Every structure is written in C-alpha cells, then in structure tokens.
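S.K.: Dropping the structure in here first, questions after.
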Ligand code: DON
C-alpha cells in the first residue's frame, strides 16, 4: 500500500498535497496499461573467473596513471583507489580533495562482499540552523557556500587510511607517493581549472591561505602554468607517515583549526579527532537480470535509483517513441526526487522508511499514477532554476585483475569548495554544508531542498546525491558514477538504462542527458539531448522543457552539458575489459592494461 507513506510525519503544506495529487492521477489514468511482462533474463554463460587485466577510468589522466602505477607495483584495486583518489585531490582541486569527502563502493573478489565506505563530511557543533540565517531569517547564501561556515569536517583523508589499512596490500605511504610527487613537482593547469578559478576568485582571495597557493606575484593561475602545492605535499606526507593522526591530530589539525578560526568559523579539536569513516551496507536490487549495487543513505542516489528503476521495470521503453520514453523516465525521476526531499538524510540520525521506498509494491503504486501521455504537475512553489555548476566533484571506476572493484565519487561540493585553505595546509575546505536543508523548504545550490530529515545537527552527515554504482549480469560487470550535484542520480539512471540496452562504456559516457528533480518542475536537457520535435511532443503532454537552443524554452537556462561519467566494464564472456571516459571532460582518461591475476 502506497499512500500510508504520505501520512503526517512531516507537517508541511506541500507534503499534504501529495495524497490528493496521487488520488487525482489514479482517477485520471485507470486505463493506463503499459505494464508488460518482465523482460527475459540473460542465460547464464561460461564466464571467466578473473579479468584479463585491469582498467581505470578517472577524471584526470595523471590520476589514471597513478592508479596504474600502483597496480604495476603489486597493489590491488583498493591501493590503486588510494593513488587515484589522492592524485585527483591534487590535480582537480576544483572538484574534490583532502578537505572534502566521498563515497567508496568496494567489491572484494575474494569474499564476494560489497561495502560502501562513507567518508562524507559531518556538521560541526557550531553549525546550528540559526547560524545560517541572516537578520531577516532568510538563508544566508554567502555563509552556506563560501568560507568556514560552509565547510563540514572532512572525511576523505580517513577514507584513504581505511582503504589502505583494511583493504589494500601496500603501505599507505607507497600508494600516496604519486600524489605527493605531483603536488611537489606540479602539473599543467588545464582550461577548466583556470576558468573555475576566475568564477570563484572573489571568494578564494578573501583568505590568505588560499592566496598563498593560487596567486603568483599577485597573479592567479592561468592555463598552462605549472601548479605546485608544496604545502599540500607536506600534508600528504604527514598522512602517509602517521595515518589518521597525520591529518586529524597534531600539526595539520592545529593548522586547520587555526585557519578556520581566523576566517571566523568554529571547529573543535574533538570534532576533527572524532571523525570516523562508516562502513555502510550498499543497497542491492535486481533490474532486468542485472544485480545493481549502489550507494545507501546518506546518499539519496541508491534509494532514488531503486524507485526509478522499479517504476520503469515492466515497460518496454525501447518500443516507445522517444518523447513517450522520455516522458515515462521523467515521471519516474519526478517521483523519486519528491521522496528524496521529504524522507532522506543521515541514517544515524533519521528514521527512514527505506524498506517501503525500495519495495516493488511502492513502485507499482507510483507507476499507477503515471499517465501515459500527460505530465504530472509537480507542486510548483519554488520557481528557482537549477544553477549551472558543472565542474565540481569527480568519479573514478576501477576493476583489477582479480576482479576487485572500486567505484568512488568524491567532492568538495561546488567549484573549489568553500574557497578557504587554512594557511600552511594546502587543504581546500569543502562547502558541503549547503547540502543540508539549512532552511526547510529553501532550495540549495542545486535547486533541491529538504526538511527535518536533512536538517543540520552536530555530527550529522548531509544528504548527498553521489551514487557510485555496480551492475552485474551473468556476463558483464560494470562500475559507473559521475559528478553533477542533484543530476548525478539521473545520469546514473540513464547510464544503467544505456548498459541495459547494450551500449558500450564509451557510449554510456557520451549518452545525451536530461533531468527532472520534481522541483523546479522542468525537464532540463543538454543541447541536442533530443530534437525540438521531441521537446514539442513533451510540451504537448504538459511538460515544461528547457532544451538549450530551443527558443521556446522560456529563458530558464541550463548549462549545455553536464557531468563527467567515468565507467568501466568487464565482459566475462568475451574476456575483455573496456572503459568509458566522458567526452565532456577533455582531461579524463580510461585505460586498460594487460596484467596477470596476482
Ligand atoms: O554530495 C552531493 O550530492 C554534492 N555535494 C555533489 C556536488 C557535485 O556533484 C557538484 N558537481 N557538479
């Protein structure tokens, strides 16, 4: 039974609209009968026990190389993940880093077990909801995304320690060596990095620690410059030699606390030393013969994927015309994002009806509310457009020669995070606090909002959209994920549908994208994601469509492309490995190497 979910847990006007809306739609569409027999399952085939080598796809060529180097030195996928993650932290400060966090989805080939390391940041005690309101009671946008108040306690360094200590074969120091070298010797600044700096320049240059890293004789970094970060190299060295204490206690911790304080924020030594990576059990479910393994809360991605895929499951999408296919996928997206808004948060703080949300009965109820060719109006309250940030956060995917897998999405949230580097650390702090519902019902930088489930509280992790995911069929094993804020989940959904339709990793990375997140009630699409005829057909069904280049779009504006989907696949039947790196990111690279199973 579906509707009991919409009872009175959260007393908000919009929430109460939902049962009425569902009832209305049910009465509008009783005859809707797209439900067809579930697709045939793939026959079990003779498959190889181990891959013929290894494959890594990441957002930067140097990070892919660092991971391959560690594999060549005898490391496994988890050691390689330490090298890739820490190198991305050095070469993509725009996207992620030691001052941020991430989710690391791991598959251990020996035990067959999957686990997700939750290295999400948490709120310091000072971060009460009131701390983020201005004197008129409105969300203080500067505080929520810039400087010390926007930063949660970082989780990424703890994840590196955990990966090496509990899952890897090599010492942490060995796997960190490539990133330390690159931080010290430097690497060439690429276009995205220089352009991103320009857009965050005003904030970055508020802080002396950041100026010291990014300005040379008063001039900011420019494309082609060699960017050296000796202080970050030193911080990484302390992590390499002392492990957890090298970052969360002692010299680095003291500098972090001092830098946050000088910038006007409040963190405590206990909050840093108390950080712990959490081992979460991933969500796992079947879709069209694939076993999907994905991120549980505090990611909203997994639950949204279960909901969307279970809504779509019985429909033969490939037999529909394009507009109707997009319509149905969008209606599934709309419903999953509505639930994200009200129910999801940190599982250690919030009671969530996860079993219900993930159930096929619930999906069936939602499916029944979808009209075959009419858009369901979302309850329009906020007309705020989804902002256009694109280049933040990063994802990498690894399969090693034993069949171990890592799918990791890591982030400092928006471009260059909070902009604050506590002096002497080289560590750019995140602005992840904006992922909380700092003011109930007020959209954040990605236009998504929330209520009590995602309210900030000391020690609580902010809800995320990061969705590292595995797919496994009798003959194929896939790792995928992407950055893109609230659009991450819909990109992963389209990626899963793409693999299910038989696409290769490179085709999946390149797939055109569209997105709906319940509110704002608009389908945003990449340029060329579909034709203006399809856009017109969707509009005729009642959808608002923002297709760049479509002059009738109404001026909402969305970026032309988004995401950076890095994915790898092992075809066990063909005995091949392949990788897909997103053509939208010119420095991303996927590489396969031949390697005997160690
Ligand atoms: O955890 C989240 O959902 C966000 N902080 C991710 C941010 C992101 O992907 C930005 N990329 N465009």
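What follows draws every value from the coordinates through simple rules; no lab data is involved. For clarity, every value in this text was computed on a predicted model and none was experimentally measured. With ideal geometry, Cβ positions are generated from the backbone for all residues, glycine too; neighbour counts draw on all protein chains shown.
S.K.: By the gyration tensor of its Cα atoms, with a ≥ b ≥ c the square roots of the eigenvalues, what is the shape of the range 189-260: rounded for a/c under 1.5, prolate for a/b over b/c, or oblate?
M.R.: It comes out prolate by the Cα gyration axes.
S.K.: Something else about it: To the nearest 500 deg cm²/dmol, what mean residue ellipticity at 222 nm is calculated for the chain from DSSP H runs of n ≥ 4 alone, each contributing -39,500 (n - 2.57), summed and divided by the residues?
M.R.: -10000 deg cm²/dmol, from helical runs alone.
S.K.: Take the Cα radius of gyration of the range 241-310 and divide it by 2.2 N^0.38 Å, with N its residue count; two decimals is plenty.
M.R.: 1.73
S.K.: For the residues 572, 120, 591, what sequence is obtained by ranking on other C-beta atoms within 10 Å, fewest first?
M.R.: 591, 572, 120
S.K.: Hey, another quick one. Mind ordering 305-314, 249-258 by average Cβ neighbours within 10 Å, highest first?
M.R.: Highest mean packing first, the order is 305-314, 249-258.
S.K.: Something else now. Sort largest first and round to whole Å: the equivalent ellipsoid semi-axes of the range 326-481, each the square root of five times a Cα gyration tensor eigenvalue.
M.R.: After scaling each eigenvalue by five and taking roots: 29, 25, 16 Å.
S.K.: Roughly what would the spin-label model give for residue 226 and residue 111, points 7 Å off Cα along C-beta, in nm?
M.R.: Distance between the two pseudo-spin positions: 4.4 nm.
S.K.: Each label point is 7 Å from the Cα along the Cα-to-Cβ direction; what then is the distance between the points at residue 319 and residue 286, in nm?
M.R.: Result: 2.1 nm between the two label points.
S.K.: Okay, moving on. What number do you get for the range 132-218 when its Cα radius of gyration is normalised by 2.2 N^0.38 Å, N = residues?
M.R.: For the range 132-218, the normalised Cα radius of gyration is 1.50.
S.K.: Eigenvalues of the Cα gyration tensor times 5, then square-rooted: what semi-axes does that give for the range 414-548, in whole angstrom, largest first?
M.R.: 30, 22, 15
S.K.: A follow-up question, please. Under the classification rounded if a/c is under 1.5, otherwise prolate if a/b is larger than b/c and oblate if not, where does the chain fall, given a ≥ b ≥ c as square roots of the Cα gyration tensor eigenvalues?
M.R.: oblate
S.K.: Grab the alpha carbons of the range 90-234, take their convex hull, and tell me the volume per residue in Å³.
M.R.: Convex hull volume per residue, Cα atoms: 153 Å³.
S.K.: Which three extents, in angstrom, do the Cα atoms of the range 213-341 have along their principal axes, listed largest first?
M.R.: Principal axes ranked by extent give 60, 39, 30 Å for the Cα atoms.
S.K.: Output the relative contact order of the range 86-154, whole-number percent, from Cα pairs under 8 angstrom with separation of 6+ residues.
M.R.: Value for the range 86-154: 28 percent.
S.K.: With the cut-off at 1.5 for a/c, could you classify the range 222-269 from its C-alpha gyration tensor as rounded, prolate or oblate?
M.R.: Because a/c hits 1.5 or more and a/b fails to exceed b/c, the range 222-269 counts as oblate.
S.K.: Ordered by packing density, taken as the mean number of other Cβ atoms within 10 Å over each peptide's residues, highest first, how do 129-138, 152-161 rank?
M.R.: Ranked by mean Cβ neighbours within 10 Å, highest first: 152-161, 129-138.
S.K.: Return the FRET efficiency for the residue pair residue 211, residue 268: r is the Cβ-Cβ distance, R0 is 35 Å, and the value is rounded to the nearest 0.05.
M.R.: According to the calculation, E is roughly 0.85.
S.K.: Sticking with this one: Rg/Rh for the range 289-356 to two decimals, with Rh computed the Kirkwood way over all alpha-carbon pairs.
M.R.: That ratio is 1.04, to two decimals.
S.K.: Based on the alpha carbons, how large is the Rg to Rh ratio for the range 434-485 when Rh follows Kirkwood?
M.R.: Across the range 434-485, the Cα-based Rg/Rh ratio is 1.18.
S.K.: Looking only at the chain, where both bridge partners belong to it, what percent of the DSSP beta bridges are antiparallel (to the nearest 5)?
M.R.: If we restrict to bridges inside the chain, about 95 percent are antiparallel.
S.K.: On to the next question. Once R0 is set to 22 Å, what does the formula 1/(1 + (r/R0)^6) return for the Cβ-Cβ distance between residue 254 and residue 128, expressed as a FRET efficiency to the nearest 0.05?
M.R.: That gives a FRET efficiency of 0.30.
S.K.: If packing is taken as the mean number of other Cβ atoms within 10 Å per residue, what is the order of 170-183, 329-342, highest first?
M.R.: Top of the packing list down: 329-342, 170-183.
S.K.: Could you calculate the contour length gain from residue 141 to residue 245, that is, 0.36 nm times the residue separation minus the distance between their Cα atoms, to one decimal place in nm?
M.R.: Extending this stretch completely gives an extra 34.1 nm.
S.K.: For residue 169 and residue 452 in the same chain, what is the full-extension length gain: residue separation times 0.36 nm, less their Cα-Cα distance, in nm?
M.R.: Fully extending the segment from residue 169 to residue 452 adds 97.7 nm.
S.K.: Along its principal axes, what span do the Cα atoms of the range 391-480 show, with the longest given first and each in whole Å?
M.R.: Principal-axis extents of the range 391-480 (Cα, largest first): 47, 38, 26 Å.
S.K.: Against the 2.2 N^0.38 Å scaling, with N counting residues, where does the range 145-296 land? I'd like the Cα-based Rg ratio to two decimal places.
M.R.: That works out to 1.25 for the range 145-296.
S.K.: Taking 7 Å along the Cα-to-C-beta vector as the label spot, tell me the residue 536-residue 501 distance in nanometres, rounded to one decimal.
M.R.: Taking the simple label geometry, residue 536 and residue 501 are separated by 2.2 nm.
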